[in-house]
Amino acid sequence: MVRITYDKNRQLFHLENGSVSYVIALAAGKYPLLLHWGKALRTVHDDLLARRCGFHGGEFTLHETPLDRLPQECPVFGWGDMREGVLQARFADGSECLDLRYLRHRITDEQPDLGDMPSARGEHSKTLTITLRDETTGFEADLHYTLWEDADVLGRAMTLRAAQEAVTLERAYSFALELENSNYTMITLEGAWARERQWISRPLVPGRQATGTVRGASSQQTSPFLALTAPGANERTGEAFGFALCWSGSFASTVDVDQFGAARVMMGVQDFDFAWKLSPGEVFHTPEAYLAYSENGLQGLSLACHRFIRAHVLCGPYAASERPILLNSWEAAYFDIDEEKLCALAAEARALDMDLFVLDDGWFGHRDRDDSSLGDWVDDKRKLPGGLKRLSERVHGMGLKFGLWVEPEMISPDSDLYRAHPDYCIHSGNRMRVENRHQLVLDMTRADVRAYVTEAITDALTRAQVDYVKWDMNRNINMIGSAQLPKERIGEFHVRYILGVYEVMRTITSRFPNVLFESCAGGGGRFDLGMMTIMPQAWTSDDTDAWMRCRIQYATSLLFPPSCMGAHVSAVPNHQTGRFSPLKTRAAVAMHGTFGYELDPAKLSAEEKTAIRACNRRVRAWQDILLHGEFYRLQSPFETDAFAVMAVSRDRSRAVVTYVARETLPNTLPSLLRLAGLDENADYRDEDTNLVFGGDELTRRGIPLPALHSDYDSVQFFLRKVEKE
Ligand code: DGJ
């Protein structure tokens, strides 16, 4: 049960759910300070209070006790604090001063109202809102804290309100969290197209360490997530803190280590080119951010995040259900498609016992390459004489579901839409419009553009029988400009763009509640919690190479459960890396995500086809735990030449273990792989070998690995608890 209490005498807020506690003190009744975030506390001793706050209970003057030394919940530059804070607000007279002091608080069972910002669902939670006010300007900040009953995760967000004076927000992050020391290792997820979310670890050092993007998307290059591990912490033990932002646009994520060695963690919408005007009475909501805690290392942190995301972020009928095994036309045919070829692919998919055929790019306008037609969501009758309607009927007639690719936010200069509405794209006056992948970005801050996109995509999804949609987005935003947004509001562009995208996505997903939506952004360019509040899975990366996927999926699992990660088996040599890996390895890796294929089945041998049918039977039989079970990382492809993970059913009666070796070494001793998450008092039988092992020996000693025969070879174990007689 979640309890939020306020001890009036000691001016102390305590949020706890029996597992974790978050304790805030009001310094001299004015400034909220963090006393504790971590394992649940029963009480907070006066001494702790006094030490952490320095002066608690005493008379507070900004001159004698500068805020620079204190762990503030809403730090703002000035008033004695010499560090960067979560807020920067400029008033009409040019001043940036804010002295935000406690005004009131509210404890409720309801979620905070964050307007159109994405957030987790609030069931089984309680929220504390502390309102701070700057007396001179009347400016107010609501600090929202939501704690869930079933998750070691705290939601943080702010609502900022102008009063008698208009104000321009130049920074409005979602939270600050002050740690007493900086003896932590920081882990972030950095990368690029086709090698998204690589696991990067570094010790915190004095000064500012920052990640973030200015691209208009959460991006392939980095990720709105960071973790901190305490000294000695590792995958299984020790304290770990996680921070994630529920936002799909440009963001900032920083850890500032100050002169006293304290660390201030902050995250929020990117402030680099941000300026949001508030007239008196108007509010700005920040996106929600999540603070996760574990005393069981990074594995414990990930388990907490996965449970939270499953229970409170993912939505729709597919969130907790099995996902169709699909064949996607992209790597099978790219733009070289027509109705007969697509039907032949679909027929192969059916023969190989798949569930869904997905028509990727190339079906609309006159799109024979990537240089035209985005925005013209009309059937290309040269390729589809019977349109999407007849194709989808033929696919359904084979007993398959039908899926469709769209890229709604984009416009090709060579399109009827562009010829009719050249002002619909993001552009800066008469300057050159710089294309990327031959395309421009639609100005989603405009209501008329959003209406066009919503109706065009609705029409496409209505004229065919569509069961699945892949919503792609293949370029980032620069050269900001809008034909409609007033020039004094251009600093609001990036945030308004993403809010516009969310609005269109929410409208379309609610019009088609039974369709499975997968977000995509040139691979994993918007693999973030904001997207996951609307679409329950995302294409993890355009890189379908098995070994690259080991790395990408392994690191992505720090925050996301496998059910969020689109993962497909593709052909060899791999189209991105040129690498050969065995079919069984490609399948084993893809099984730890939403499973499908991205190849031309006609090019497979009879033996491979038999293997694929068997693999699909396996996936169906084990998908409940592969997608929705507890996911454990066993061996890191970033630290070793192997990748090992496992999925365990919640009742610990079944488990799938996957081990991939990057290279095979001759003449080695047999090795053991230690498992996790099993019932140590039970025995488990491996489905393939019939060998029985004790849960304790699998956990403490490990499962014997067979000899592997080639680079990127792999082995899987499908374990079932042996019922006692
Ligand atoms: C990028 C996606 O990530 C690919 O899977 C594919 O859909 C292409 N776009 C199509 O243009």
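The values are calculated or read from the model by the stated rules, or taken from the named source; none is laboratory data. What you are looking at is a predicted structure, and each value in this text was computed from that prediction instead of being measured. Every residue, glycine as well, gets a Cβ built from its backbone with ideal geometry; the counts of neighbours run over all protein chains shown. Side chains are part of the model used for accessible areas, which takes the heavy atoms of the whole protein and leaves out ligands, DNA and RNA. Shrake-Rupley method; radii C 1.70, N 1.55, O 1.52, S 1.80 Å.
Every residue, every condition in (1) closer than 24 Å to D371 by Cβ; (2) surrounded by 23 or more Cβ atoms within 10 Å (Cβ to Cβ); (3) aliphatic (A, V, I, L, M); (4) touching a Phe, Trp or Tyr at 6+ places or on another chain (Cβ under 7 Å), yes or no:
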position: G429; (1), (2), (3), (4): no, no, no, no
position: R433; (1), (2), (3), (4): yes, no, no, no
position: N436; (1), (2), (3), (4): yes, no, no, no
position: L442; (1), (2), (3), (4): yes, yes, yes, yes
position: V453; (1), (2), (3), (4): yes, yes, yes, no
position: V466; (1), (2), (3), (4): no, no, yes, yes
position: N474; (1), (2), (3), (4): yes, no, no, no
position: I480; (1), (2), (3), (4): yes, no, yes, yes
position: E492; (1), (2), (3), (4): no, no, no, yes
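Of the strands (runs of 3 or more DSSP E) contained entirely in the stretch 95-195, those carrying at least 2 residues that are farther than 20 Å from D271 by Cβ, open to solvent by less than 20 Å² (accessible area, probe 1.4 Å) and assigned by TED's automatic domain parsing to the domain that holds G207 fall at 125-134, 140-148, 153-161, 185-190. If you check A538 against the conditions, is it within 16 Å of the ligand (Cβ to nearest atom), touching a Gly at 6+ places or on another chain (Cβ under 9 Å), within 29 Å of A567 (Cα to Cα) and not in a loop (DSSP other than H, G, I, E, B)? For A538, the condition - within 16 Å of the ligand (Cβ to nearest atom), touching a Gly at 6+ places or on another chain (Cβ under 9 Å), within 29 Å of A567 (Cα to Cα) and not in a loop (DSSP other than H, G, I, E, B) - is met. Among the residues in the stretch 234-243, are any under 21 Å from G155 (Cβ atoms), open to solvent by less than 60 Å² (accessible area, probe 1.4 Å) and touching a Cys at 6+ places or on another chain (Cβ under 7 Å)? Yes, the stretch 234-243 has at least one match. Check the stretch 506-521 and report whether any residue there is among the aliphatic types (A, V, I, L, M), more than 14 Å from the ligand (Cβ to nearest atom) and surrounded by fewer than 23 Cβ atoms within 10 Å (Cβ to Cβ). Checked against the condition, which is being among the aliphatic types (A, V, I, L, M), more than 14 Å from the ligand (Cβ to nearest atom) and surrounded by fewer than 23 Cβ atoms within 10 Å (Cβ to Cβ), the stretch 506-521 yields at least one hit. Within the stretch 467-474, is there a residue that is within 16 Å of the ligand (Cβ to nearest atom) and of a type in the set (F, W, Y)? There is at least one residue in the stretch 467-474 that is within 16 Å of the ligand (Cβ to nearest atom) and of a type in the set (F, W, Y). Among the residues of the stretch 337-351, those identified as touching a residue at least 12 places away in the same chain (Cβ under 8 Å), closer than 18 Å to F364 by Cα and either out of contact with any Asp or Glu (no Cβ under 9 Å at 6 or more places or on another chain) or surrounded by fewer than 19 Cβ atoms within 10 Å (Cβ to Cβ) (or both) are D338, E339, L342, C343. Looking at the stretch 627-724, the strands (runs of 3 or more DSSP E) lying wholly inside it that each contain 3 or more residues that are within 19 Å of C550 (Cα to Cα) sit at 630-635, 642-648, 654-661, 714-721.
For the stretch 409-450, a residue qualifies if it is at negative phi and within 16 Å of the ligand (Cβ to nearest atom), and the qualifying residues are E409, M410, I411, S412, D414, S415, E435, N436, Q439, L440, V441.
Checked against (1) farther than 22 Å from L499 by Cβ; (2) out of contact with any helix residue (DSSP H, G or I) (no Cβ under 8 Å at 6 or more places or on another chain); (3) away from the ligand (no atom under 16 Å from the Cβ), F284 passes all but condition (1).
When the stretch 10-33 is filtered for residues that are surrounded by fewer than 20 Cβ atoms within 10 Å (Cβ to Cβ) and of a type in the set (A, V, I, L, M), the ones remaining, listed by number, are L12, A28.
In a residue-by-residue description of the stretch 612-624, the property of being open to solvent by 10 Å² or more (accessible area, probe 1.4 Å), part of a loop (DSSP other than H, G, I, E, B) and of a type outside the set (F, W, Y) applies to no position.
Of everything in the stretch 309-334 that is within 16 Å of the ligand (Cβ to nearest atom) and not in a helix (DSSP H, G or I), the residue that is farthest from the chain's Cα centre (by Cα) is Y334.
Residues considered: I498, I480. Of these, the only one that is away from the ligand (no atom under 14 Å from the Cβ), touching a helix residue (DSSP H, G or I) at 6+ places or on another chain (Cβ under 6 Å) and closer than 21 Å to L442 by Cα is I480.
To keep it simple, each residue is scored yes or no on (1) part of a loop (DSSP other than H, G, I, E, B); (2) outside the structural domain of T185 (by TED's automatic domain parsing); (3) of a type in the set (F, W, Y).
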{"site": "T211", "(1), (2), (3)": "no, no, no"}
{"site": "T222", "(1), (2), (3)": "yes, no, no"}
{"site": "L228", "(1), (2), (3)": "no, no, no"}
{"site": "P231", "(1), (2), (3)": "yes, no, no"}
{"site": "W247", "(1), (2), (3)": "yes, no, yes"}
{"site": "D256", "(1), (2), (3)": "no, no, no"}
{"site": "R264", "(1), (2), (3)": "no, no, no"}
{"site": "G281", "(1), (2), (3)": "yes, no, no"}
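The residues of the stretch 335-354 that are assigned to a loop (DSSP other than H, G, I, E, B), aliphatic (A, V, I, L, M) and away from the ligand (no atom under 16 Å from the Cβ), listed by number, are L352, M354.
Taken over the stretch 364-375, the criterion of being within 11 Å of the ligand (Cβ to nearest atom) and either modelled with pLDDT under 95 or within 19 Å of E340 (Cα to Cα) (or both) is satisfied by R367 alone.
Scan the stretch 270-278 and give yes if some residue there is open to solvent by less than 30 Å² (accessible area, probe 1.4 Å), assigned to a strand (DSSP E or B) and assigned by TED's automatic domain parsing to the domain that holds R215, otherwise no. Checked against the condition, which is being open to solvent by less than 30 Å² (accessible area, probe 1.4 Å), assigned to a strand (DSSP E or B) and assigned by TED's automatic domain parsing to the domain that holds R215, the stretch 270-278 yields at least one hit. Looking across G249, G238, G216, one residue alone is touching a helix residue (DSSP H, G or I) at 6+ places or on another chain (Cβ under 7 Å) and without any contact (Cβ under 8 Å) to a residue 60 or more places away in the chain. It is G238. Set side by side, the residues E697, E663 differ, and just one is closer than 16 Å to P582 by Cβ and open to solvent by 30 Å² or more (accessible area, probe 1.4 Å), which is E663.
The C-beta contact set for the stretch 565-592 (first residue free of Cβ contacts under 8 Å to residues at least 24 places away in the same chain, second residue open to solvent by 30 Å² or more (accessible area, probe 1.4 Å), distance under 6 angstrom, 6+ apart or interchain) comprises V572/F580; P573/F580. The condition (being within 12 Å of the ligand (Cβ to nearest atom), hydrophobic (A, V, I, L, M, F, W, C) and farther than 28 Å from K609 by Cβ) is satisfied by just one residue among V378, V406, V358: V406. In the stretch 357-385, which residues are more than 17 Å from Y334 (Cα to Cα), open to solvent by 20 Å² or more (accessible area, probe 1.4 Å) and not charged (D, E, K, R)? Passing the criteria: V378, P385. Does R579 qualify as being more than 23 Å from D360 (Cα to Cα), among the basic types (K, R) and either modelled with pLDDT of 95 or more or not assigned by TED's automatic domain parsing to the domain that holds Y659 (or both)? Against the criterion (more than 23 Å from D360 (Cα to Cα), among the basic types (K, R) and either modelled with pLDDT of 95 or more or not assigned by TED's automatic domain parsing to the domain that holds Y659 (or both)), R579 qualifies.
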